[in-house]
Structures are given as C-alpha cells and as structure tokens.
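The next block holds one structure in the form of structure tokens; read it before the comments.
The values are calculated or read from the model by the stated rules, or taken from the named source; none is laboratory data. The structure displayed is predicted, hence computed values, not measured ones. Methodologically, a virtual Cβ is constructed for each residue, glycine included, from the backbone with ideal geometry; neighbour enumeration extends over all protein chains shown. These area figures cover heavy atoms from the full protein model, side chains too; ligands, DNA and RNA do not enter into them. Shrake-Rupley method; radii C 1.70, N 1.55, O 1.52, S 1.80 Å.
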Amino acid sequence: MSIRKHILLSASVAVLLGGCAVTSGAAALPTPLVPATLQHDPAPATQAPVVQSGAVIGPRMHVQQVREVEPATARVEVANRVALREPTSAGYINAAQIYPFSDNALYRLYAAPGQVTDIALEPGETLSAISAGDTVRWAVGDTASGAGTARQVHVMVKPFTAGLTTNLVILTDKRTYHLELASTEHIAMAALSWSYPQEALIAARGSAEQGPPTIDSGLQVDDLKFRYAMSGDSPPWKPVRVFDDGRKVYIQFPDGIDRGEAPPLFVVGQDGQSELVNYRMRGNFYVVDRLFSKAELRLGQDPQQVVQIKRTEDQPHKSGLASLFGG
C-alpha cells in the first residue's frame, strides 16, 4: 500500500470515530411537553330545509273553521214539521175537523182499522186525481154527494192495521191537498174538510173594485137590531159591529179586511158544539143566513186568534144606526 492511500484511510477512520464519540458522549435531550388545550367540536353546518312538492312558501295565514252544514234530509224534516197542521179543538164542528186551507201545507189525518174517514172537498170542486203512498195497507176511494153546483166530492180512507203512516195527494180543478195519514188502534177522525179564507178575500177584492156593494137585498133599516157583544182577542180584523134584521146576522169588518186573511165563522150551539152555518162575504160584511146566540171567528193555528160574538138583550136601535150610517 502506498503512503498516500494509507493517509487517506487513516483520515477516514478518524472522522468516523470522532462522530461516534460525539454521539455517544452527549445525552439525548428529551422532547418538551406541551400542555393540552380544550378543543370544541366544530359547529354543524346549517342545512337547507326540505320543501315538499306542492307546498306553499310564505307567511302562514289564519284558516277560519268552517261550520258543518246539516244534511239535506234534516232540512226536509224540519220543513215538513213546520208545514204540518194537526187537529185542534177549536177546529171541530161536531165530529168534523175544519182546517183553514193554505197552499203547500200538510194536513194530519188520524184513522183506525175498521173505520172510514171522510175527506170532504169544497162543493162544486171537481176531482182530477188521487195518489197514495201506500196502496197495499190503505184503502182509498172516492164518491160524491149532491148534484149540480152543490155536488161535493168525498174521498174515503181506511187503514188495514194500526201503526201505519203514509201520505195522500188529492188534485182537483181548483187546488192540491197534501195529507199525512197515520193509523191508531181505535181513535179515528170521522171527517175532515177545509174552509177557504183566501177565496173570500178574492171575492171581497172583486166587490171592492166594482164600488160600494149592497149589504143585502130587502134590508130594512127599521128592523136592524144591534144586540151583540164581542170578547176575546183584538186582532186587526176584529169586527166593528154585529147586528141582525130578525132573519139574518150581519158582521161588519174593518175596511182593510180585503187586504188580509178573513177568519172562518163557527156558530156555537146550545150544547156548546160548533155547528155548520151558511154565510157569504159582501164587501167587508159577513152575511149569515140565520140567527145565532153565540159564534166565534177563528184564525191561525199556534197561537190562534179567537173573537167571540154573543147575542145580548135587545138594545136601542138608534145608537147602532148612528154608528152604522155616521149619524
């Protein structure tokens, strides 16, 4: 080995040994400790709301609660109940119930097995058709009494058993009648018919258009007797006065009677029962074809307006004539 190579080798070894000495001679320094710090979770990212398809975006408005509407059948039931006319004690003349006729009203008829109820129409009225809801358990027929202008149609009704209900419609040349039929065990209405206040009003209006009417032919002033007293209610149609001439009774109403309903007249007999009586309207007068001791004018159902007319002892004629003729 040459001297040059020897020197280089020696130098390399020296350098290596020197590095090892420095490394092994000095102690390794420890890593300094860093105090722990409190860490917070990052705030969650705000997410956009999910909007459903068809939703309306905007301020919320107050929604008014809608009231439930009653079913149509309930309205029909209420209307029928209001329109129904039941028999009243004041409406009886003997065994016949007299209903004041009104268009589109319902009239109650009570019947019983084994008994026939007579429905009498207005004299001179012509029957067109009859229709009953139940023709299996109810027998319905018609006949007539009288002749000419006095001919009167009668509709006969009879149930086969108790506890039945149905309706009956009667059509004539003048009007339509609607009846509600009900059958009981034993109680039945013997007969029913109608009074026609509206017909009297039409006649009164026609007479008014023709000028002041004559109360009655053959009426003698000297024969008039103002001997009737009135009591009861005080409706607008309450008569002004009542008098007779010894043969007929004259009931004078206020001048406006032709602009309202005319009350039917019922004559009360000695036994306290109402009796049939013929009367007609002349202007604002009822002309009754016979004398009576007591009578009643009735109008309405609930409440019913009633004016009683009672004959008293003979009164001086002068006061009555003065009020009648303005003297």
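Quick notes
- Against the list (1) farther than 25 Å from LEU297 by Cα; (2) touching a residue at least 12 places away in the same chain (Cβ under 8 Å); (3) open to solvent by 40 Å² or more (accessible area, probe 1.4 Å), the condition THR73 fails is (2).
- Count of the range 233-277 residues which are in a loop (DSSP other than H, G, I, E, B), touching a strand residue (DSSP E or B) at 6+ places or on another chain (Cβ under 6 Å) and crowded, with 20+ Cβ neighbours inside 10 Å: 3
- Scanning the range 224-240 for residues that are over 17 Å from VAL267 (Cα atoms) and either of a type in the set (A, V, I, L, M, F, W, C) or in contact with a helix residue (DSSP H, G or I) (Cβ under 9 Å, 6 or more places away or on another chain) (or both) returns LEU224, LYS225, PHE226, PRO236, TRP237, VAL240.
- Identity of the residue in the range 135-189, charged (D, E, K, R) and outside any strand (DSSP E or B), that ends up least open to solvent (accessible area, probe 1.4 Å): ARG175
- Residues in the range 278-304 that are within 34 Å of the chain's Cα centre (by Cα) and surrounded by fewer than 18 Cβ atoms within 10 Å (Cβ to Cβ) were compared, and the one that is farthest from ARG81 (Cα to Cα) is ARG280.
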